[in-house]
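Each value in this text was obtained by applying a stated rule to the coordinates, not by laboratory testing. The model shown is predicted, which means the values in this text are computed figures rather than measured ones.
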Amino acid sequence: MVDMSTVLLGLWIAVAVLVLIVLYHLIFIAVDLRKIFRRFEDITREVEGVIMKPLSMADKILEWLVEMVESHQKKAIKHPKKEA
């Protein structure tokens, strides 16, 4: 006949094995999550590049326009138009 201590020992062994299996799976989950986060960073970097290119071009165009207006104003101050 099986006594209570043998059953309890068997349950502890089963729990220990299940905990080891869970830890084993958690290692793979952690590695997979790291890969997912790395891919997410790559995608974020690409999206940032796609968004920043037009903004950078708009900034350069705006700077060019400001320089043109400033140079036009400086020329107008140096050489005022004669009124007829």
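Helical runs (DSSP H, four residues minimum) scored at -39500 (n - 2.57) apiece and divided by the length of the chain put the mean residue ellipticity at 222 nm at -34000 deg cm²/dmol. Working value for the chain: equivalent-ellipsoid semi-axes of 79, 10, 6 Å, each the square root of 5 times a Cα gyration tensor eigenvalue, largest first. Length gained on full extension, GLU67 to LEU33, computed as 0.36 nm times the residue gap minus the Cα-Cα distance: 7.3 nm.
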